[in-house]
Amino acid sequence: MAMPLPERPAICGLSMDRPRIMGIVNVTPDSFSDGGRIADIEARVAELAAEGADILDIGGESTRPGADTVPAAEEWERVEAAIHAALATGAVVSIDTRKAEVARRALAAGARLFNDVSALTYDEESLAVAAEFAEAGGAVCLMHALGDPKTMQKDPRYDDVLREVYAYLETRVRVVIEAGVSPEQIIIDPGIGFGKTLDHNLQILRGLGTFHDIGCPVLLGASRKRFIGTLTGEDVAAERVHGSVAAAQIGASFGCHILRVHDVKATAQALAIWSAVQGAA
């Protein structure tokens, strides 16, 4: 049987008593899987919500390996309409950004989750903005990455990847608490694919249960990533649906509270069967 889901307080009004699905909305021309392919934002976010997304994660800057930084003004221009469309669905709206300015504007628009792949280290104002999210009843997600997107996959090395990622996240949680965010408003993400080789990713997946000791809900974002293509021989990211669903179920089995995915309907179906077998349906 799977690891029991560790008890955690609700996040942004969502109970953490079952794995929650975070649907990915990349409003970018160059994201690794679906960049530039969303023709109708309103239709796309409505579709993801209808398929079972509890959270809609809106991103306007690609963080794929080798990606360039996007100016804050351009990033906001990309995400603004998507945020408003997502709010209309009733799902929790998350802003996927490293920039304090973009996050603050998203908060004012109604977003309640600040999802930062740099764990609030990229922008010196981000800690203050995270506190503003917390004051508004929202939350922050802290992810581990080794280096920035431009360079992170150039020969990443660790002495002990599980221990080092754990120590980093534990430290960042303490820093964010000191900045005024309650521990109950912090999510952690070990950062699959962000400065990690195939072996690093597999070690993290095998050790996902370890991260619960930090005391925060755990998010897993493995959807369509390169390691799935490496293991399956599938070069096209959009064709990695089955491998992505398998990775999500592994996350659920290790007690991950949030699964960040492109393929919401497929993941929701898999989790429905998994939950029924676990006796949680």
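The figures follow:
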{"quantity": "Unmet requirement for Ser94, which otherwise passes all of (1) hydroxyl-bearing (Ser, Thr, Tyr); (2) at pLDDT 95 or above; (3) buried (at least 18 other Cβ atoms within 10 Å of the Cβ); (4) more than 16 Å from the chain's Cα centre (by Cα)", "calculated": "(4)"}
{"quantity": "Sole residue being polar (S, T, N, Q), in a loop (DSSP other than H, G, I, E, B) and closer than 23 Å to Thr197 by Cα, chosen from Thr69, Thr89", "calculated": "Thr69"}
{"quantity": "Residues located in the stretch 1-15, provided they are part of a loop (DSSP other than H, G, I, E, B) and under 20 Å from the mean Cα position of the chain (by Cα)", "calculated": "Leu5, Pro6, Glu7, Arg8, Pro9, Ala10, Cys12, Gly13, Ser15"}
{"quantity": "All positions within the stretch 205-262 that are assigned to a helix (DSSP H, G or I), basic (Lys, Arg) and under 17 Å from the mean Cα position of the chain (by Cα)", "calculated": "Arg226"}
{"quantity": "Scope the stretch 119-152; condition within 25 Å of Leu205 (Cβ to Cβ), of a type in the set (Gly, Ala, Ser) and surrounded by fewer than 21 Cβ atoms within 10 Å (Cβ to Cβ); matching residues", "calculated": "Gly147"}
{"quantity": "Hits in the stretch 92-147 - residues which are over 25 Å from Val161 (Cα atoms), assigned to a loop (DSSP other than H, G, I, E, B), touching a strand residue (DSSP E or B) at 6+ places or on another chain (Cβ under 8 Å) and not small (Gly, Ala, Ser)", "calculated": "Arg112"}
{"quantity": "Test set (1) hydrophobic (A, V, I, L, M, F, W, C); (2) farther than 18 Å from Gly180 by Cα; (3) in contact with a Lys or Arg (Cβ under 7 Å, 6 or more places away or on another chain) - Ala145 fails condition number", "calculated": "(3)"}
{"quantity": "Residue check, Asp159 acidic (Asp, Glu) and part of a loop (DSSP other than H, G, I, E, B)", "calculated": "yes"}
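Yes/no per residue for (1) surrounded by 24 or more Cβ atoms within 10 Å (Cβ to Cβ); (2) aliphatic (A, V, I, L, M); (3) part of a helix (DSSP H, G or I); (4) at pLDDT 80 or above:
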position	(1), (2), (3), (4)
Val25	yes, yes, no, yes
Asp34	no, no, no, no
Ile38	no, yes, no, no
Arg44	no, no, yes, yes
Ala49	no, yes, yes, yes
Ile58	yes, yes, no, yes
Glu61	yes, no, no, yes
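The values are calculated or read from the model by the stated rules, or taken from the named source; none is laboratory data. This is a predicted model, so every value here is computed, not measured. All Cβ positions, even for glycine, are placed from backbone atoms using ideal geometry, and neighbour counts span all protein chains on display.
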